[in-house]
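One structure is given below, encoded as structure tokens.
Nothing in this text is a laboratory measurement; each read-out follows from the coordinates by a stated rule. Nothing here was measured: the structure is a model prediction, and the numbers come from that model. Every residue, glycine as well, gets a Cβ built from its backbone with ideal geometry; the counts of neighbours run over all protein chains shown.
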Amino acid sequence: MFQKYWSRISRIGIREGYDDSLTKRITLTNQFSIIALTIFCFSGLNNLWLGDIFSGMLLEGFVLVCLVGLYINSRHHHDFAIIFLFTTINLALFYFSSYSGVLSGTYLYYFPLILAIAFVFDIRKDRKIISLNLSFIILLILVNLLTGYELFRSHFITDEKRYQMFIFNLLFSCLAVGFFIYLTIKNGLKESELYSQRIAEHEQAEKKIKEALAEKEVLLSELHHRVKNNLAIISGLFSLKISNDTPSEARNVLVESRNRVISMSLIHNRLYKNSNFTDVNFEQYIAELISEINASYPSISGSVNVTTDIGDVSLNINIAVPCGLILNELLTNCYKHAFVGRNQGTIHVSFHQEKNSYTLSVSDNGIGLVTGYQEKESLGLSVIEALSEQLNGTFGYSSAEGTTFALTFRHG
């Protein structure tokens, strides 16, 4: 029963959503109020029993002061409640220490008061408030020392009564200190338990996140695998339509379409095989793409030498796909048009990153661009322009001892 009411009183004024620090402060303030209220009540009764009606009634009045402090806390004026309680109790100790004299031992209550200040406030965040409260206590103690405890001295209290008061005050101050130490240990154990519980919850949440991440990786791997297979099927369908009897114009369209599908399929294949499901090593990808395109033109593949200068660059799939398609179009154009009437040729592919800027360059030593190439309706050129815009990049062609295409874009 006592535990139930003690817990209810301790939580006066606490709202949902308060952080642990504020909750702890409100709880300790309420508990300190109850301890102070109990001491004032029994001290008043003791003084009344000794025959000091005035001080007994005054001490009972401070019981109401503690109740007012609890009420202020219940109205959620927590800072004011703390200041009100500590200031009032400090003034009460100052007055009654002088009133009953040093022999009464009233000053012994400063120990639980100082402990309460240390427990209620956070020494890391509330150094100024702690310093002000301690300075106020020291100031009032000095005033009593300098006045010889004669400022409010009562001539009614005899030395014998002061001795009786000392025994009472010593007992209750020790009980108050012990109770604060008990509360501190209890709160510390509770915080330790809560901390352990949060660690366990955090570990459980982390475990679930890892499981969800592993499941996501499996799903992504399966997704890339299925996309790669579907693209391979589409590529295979194009290949089935390509035969020696296929007209050359239709054959070129089918080969170009198949190569576009292959350029995307290679990216998903690399993602499927890689532990990283978002980034593609572009150097390895370009090597595979060149090999596939070279195989698509067996009649001239033996006479074309492709060189590369690729930095160690990894690209996000959203960047790798358009870059791969652009490179596919450029290499296809080189194989189809750059070396017409020639026995051999060279293609050089360059791709580099400088901070967040990327540069893709494809050059050949072929016959160069035909006059008015921009005015011709070409699917390949349209694809290159559209994908360059998708990358928010700038590109251009130059024709000097062949053709050079350069694309620059930023990412990240």
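Observations on the structure shown:
- Of Gly56, Val253, Ala287, farthest towards positive along the dipole that unit charges on Lys, Arg, Asp, Glu beta carbons give the chain: Gly56
- Pairs with C-alpha atoms separated by more than 24 Å, drawn from the list Lys186/Lys208; Lys186/Lys207; Lys125/Lys190; Lys125/Lys186, are Lys186/Lys208; Lys186/Lys207.
- Rounded to the nearest 20, the Cβ-based charge dipole of the chain about its Cα centre (Lys and Arg +1, Asp and Glu -1) stands at 1380 debye.
- Helix 282-296 vs. the chain, principal-axis angle (Cα, 0 to 90°, nearest 10): 20 degrees
- Under Stokes-Einstein, with the Kirkwood radius over Cα pairs as Rh, the value for the chain at 4 °C and 1.567 mPa s is 44 µm²/s.
- For the peptides 133-146, 70-83, 36-49, the ranking by mean Cβ contacts within 10 Å, running from highest to lowest, is 36-49, 70-83, 133-146.
- Taking packing as the residue-averaged number of other Cβ atoms within 10 angstrom, the listed peptides 181-189, 195-203 run from highest to lowest as 181-189, 195-203.
- FRET efficiency for Ser399 and Ile242, using Cβ-Cβ distance with R0 set to 30 Å, rounded to 0.05: 0.45
- With both labels modelled 7 Å from their Cα along Cα-to-Cβ, the Ser21 to Leu134 distance reads 1.9 nm.
- In degrees, nearest ten, helix 127-146 long axis to first principal axis of the chain (Cα): 20 degrees
- Charge dipole magnitude, Cβ of K and R +1, D and E -1 - the range 1-105, Cα centre, debye nearest 20: 300 debye
- Beta bridges per DSSP with both ends in the chain, % antiparallel, nearest 5: 75 percent
- Rounded Å value of the spacing that divides the Cα centres of the range 145-164 and the range 1-52: 29 Å
- Mean separation of Cα contacts under 8 Å (6+ apart) over length of the chain, as relative contact order %: 9 percent
- Radius of gyration, Dmax [the range 278-412; alpha carbons; angstrom]: 14.4, 44
- Of the residues Phe84, Phe405, the one with the fewest other Cβ atoms within 10 Å heads the list, and the complete ranking is Phe84, Phe405.
- The fewest-to-most ranking of Tyr5, Tyr358 by surrounding Cβ atoms within 10 Å reads Tyr5, Tyr358.
- Relative to its residue count, the range 132-175 spans a Cα convex hull of 88 Å³ per residue.
- On Cα atoms only, tilt of 317-333 relative to the major axis of the chain in degrees: 10 degrees
- Highest mean packing comes first when the peptides 112-118, 155-161, 57-63 are listed by Cβ atoms within 10 Å, giving 112-118, 57-63, 155-161.
- Percent of beta bridges antiparallel (DSSP, the range 278-412, rounded to nearest 5): 75 percent
- Positive-end residue of Asn73, Thr147, Met165, charge dipole of the range 2-208 with Cβ unit charges: Asn73
- Computed magnitude of the charge dipole of the range 2-208 (debye, nearest 20; Cβ of K, R +1, Cβ of D, E -1): 380 debye
- CD proxy at 222 nm, helix term only [per DSSP H run n ≥ 4: -39500 (n - 2.57); per residue of the chain; nearest 500]: -23000 deg cm²/dmol
- Least to most buried among Ile234, Ile123 (fewest other Cβ within 10 Å first): Ile123, Ile234
- Where only C-alpha atoms are counted, convex hull volume of the range 1-83 per residue in Å³: 85 Å³
- Remark: the range 196-202, residue by residue, has Karplus-estimated 3J(HN,Hα) of 5, 5, 5, 4, 4, 5, 5 Hz, where x stands for each Gly or Pro and the curve is 6.51 cos²θ - 1.76 cosθ + 1.60 at θ = phi - 60°.
- Considering only Cα atoms, the convex hull volume of the range 2-208 works out to 120 Å³ per residue.
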